[in-house]
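Structure first, then comments.
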Amino acid sequence: MRFLPPRSDGEDPSVGVIVVAAGSGTRLGHSDPKAFVLVSGRPILAHALESVFGMREPAQVVVVAPKTWLDEAKRLGAHLAGAAGAYLSVVAGSDTRQGSVAAGLAALGPDVRTVLVHDAARAFTPSALFDAVVGGVRDTGAGIIPGLPVSDTIKRIDGELAVATVDRSELVAVQTPQGFPRDLLEAAYAAAAAEFTDDAAVFSAAGHPVRIIDGDPLAFKITTAWDLRRAESLAPQTSPAVLGSRTGVGIDVHAYTSESPLWLGGLAWPGEVGLAGHSDGDAVSHAICDALLSAAGLGDVGSNFGTADPRFADAHGDVFIAATVSMVTAAGYEVGNVAVQVVANHPKIGRRRAELEARLSTLVGAPVSVAATTSDGLGFTGAGEGVAVIATCLLQRTR
């Protein structure tokens, strides 16, 4: 089975990066998994994936997430991957770190020869460190792990007593990503008879050498609330939980009819000629719904509220807008704003513009602006045969 589209040179990526994101957020004081805790308005996993996708050469990226957070991880990963989305996989993790890494290994494509295992909690690891680990594995055939010299004095203790000073020149603080030849790492995992604290320990237990390269202070692990606060100081500020924006356009047209009262923008317009339609013919509300649905990739008014559905016969615009906003919210978006342009000879929008904007803003749950014009006697609107409405919107991805 091929996992990825072929590269331009005819080969799939020979590098795979397993991003372990299945841990809990208990020590951070959060009920959400650690990788989905926000740092400056974005999940920790988002920061981590930016570094991965900044690598010099293509790599298959496998995110290992909690089973109940797979959809969230897929949405987030797809947004961060952008044009490289075909190189991303998301799989369910295990109760143990080794189990999660094993799940990631099983998802790698057949052409992957070098595997990097990275903790999502090391969210600010520079892309250059990933490249250095890949180069080290290729050059030596050994396991490669980044590490930093230990600057603190280290004491060996017995209970509450400090009994000896440890020679810190022989110590290193280990980080991720850790890189290995794939065949050796898979064999080491298959042979592992105990739980180890990192992948280098699994690799060493199988008798394979592990080499140290220079780590980076930015590759620190977000484990405690203090680490989280430190991360906040490093990350650029963004709007809370906004992961991306999408725009949509909606157009609706209805003919005038003297057989119905006029409803437009969720308001009744006494004394005006109405609009024909299966519902109340509210072209403004329908155009807004089409804009919101198109931006969220949820189809259009016709596919969601068809004329064959008796529930929407004679329904007012507020019914459609409420249902649409609910669908958009369930899909992980919030409405930023909506702009509406009405093209018609009548009614005269200007005299009720403020009331109309207030009503629509309440229905949508976001600012709605309304403008109006005529078509200078041209077309069906100029001939006074009906109304045309164009609506645009901005949606923001929240999860």
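A short reminder: the numbers here are calculations on the coordinates, not readings from a lab. Since the structure is predicted, the reported quantities are computational estimates derived from the model, not experimental observations. FYI the Cβ positions are ideal-geometry reconstructions off the backbone, even for glycines, and counts take in every protein chain you see.
Treating only the Cβ atoms of Lys and Arg (+1) and Asp and Glu (-1) as charged, compute the dipole magnitude of the stretch 244-397 about its Cα centre; round to the nearest 20 debye.
Dipole of the stretch 244-397, to the nearest 20 debye: 440 debye.
So what J values fall out for the stretch 113-125 if you push phi through Karplus, 6.51 cos²θ - 1.76 cosθ + 1.60 with θ = phi - 60°, rounded to Hz, Gly and Pro as x?
Ordered by residue, 3J(HN,Hα) equals 10, 10, 10, 10, 10, 10, 7, 4, 5, 8, 6, 10, 4 Hz.
Checking a compactness column here: for the stretch 15-234, what do you get for Rg(Cα) / (2.2 N^0.38 Å), N being the number of residues?
Relative to the 2.2 N^0.38 Å estimate, the stretch 15-234 comes out at 1.01.
Name the long-range amide H neighbours of Val172: under 5 Å, sequence gap of 5 or more, or other chain; modelled H, no Pro or chain starts.
Those lying under 5 Å, H to H, from Val172: there are none.
Fewest first, what order do Asp198, Asp71, Asp167 take by the number of other Cβ atoms within 10 Å?
Neighbour counts put them in this order, fewest first: Asp167, Asp71, Asp198.
Would you mind putting 385-391, 327-333, 277-283, 156-162 in packing order, based on average other-beta-carbon counts within 10 Å, highest first?
Most protected by this proxy first, the peptides run 277-283, 385-391, 327-333, 156-162.
Percent of alpha carbon pairs in the chain separated by more than 40 Å?
38 percent
Give, rounded to the nearest 20 debye, the magnitude of the charge dipole that the chain has about its Cα centre when Lys and Arg contribute +1 at Cβ and Asp and Glu contribute -1 at Cβ.
For the chain, the charge dipole is close to 540 debye.
What nm value, rounded to one decimal, do you get for the distance between Thr373 and Ala358 when each label is placed 7 Å out toward the C-beta?
Using points 7 Å along Cα→Cβ, the separation is 2.8 nm.
Rounded to the nearest 0.05, what FRET efficiency do Thr398 and Asn337 give with R0 = 22 Å and r taken as the Cβ-Cβ distance? Could you check? Don't skip to the answer; put the middle values down first.
Values: r = 15 Å, r/R0 = 0.69.
In this case the efficiency is close to 0.90.
Name the long-range amide H neighbours of Arg211: under 5 Å, sequence gap of 5 or more, or other chain; modelled H, no Pro or chain starts.
Residues meeting the amide H criterion: Gly143, Ile144, Ile145.
Taking N as the number of residues in the stretch 244-397, what value does Rg over Cα atoms divided by 2.2 N^0.38 Å take?
Values: Rg = 14.6 Å, N = 154, 2.2 N^0.38 = 14.9 Å.
Ratio of Cα Rg to 2.2 N^0.38 Å: 0.98.
Suppose R0 equals 30 Å; then what is the FRET efficiency for His346 and Thr247 from their Cβ-Cβ distance, rounded to the nearest 0.05?
0.50
Applying 1/(1 + (r/R0)^6) with R0 = 30 Å to the Cβ-Cβ distance of Glu195 and Trp226, what FRET efficiency is obtained, to the nearest 0.05? Write down the numbers at each step before the final one.
Values: r = 27 Å, r/R0 = 0.89.
It comes to 0.65.
Sort 341-347, 263-269, 286-292 by the packing proxy (mean of other Cβ within 10 Å over each peptide's residues), most packed first. Before the final figure, lay out each step's value.
Values: 341-347: 18.6, 263-269: 21.4, 286-292: 28.9.
Ranked from most to least packed, the peptides come out as 286-292, 263-269, 341-347.
From the convex hull of the Cα coordinates of the stretch 125-276, what is the mean projected area in square nanometres?
Values: hull surface 80.0 nm².
Taking the Cα atoms of the stretch 125-276, their convex hull projects to 20.0 nm² on average.
Would you mind checking which residues have amide H under 5 Å from Leu264's amide H? H placed 1.01 Å from N; only 5 or more apart, or other chain.
Hits under the 5 Å cutoff: Trp269.
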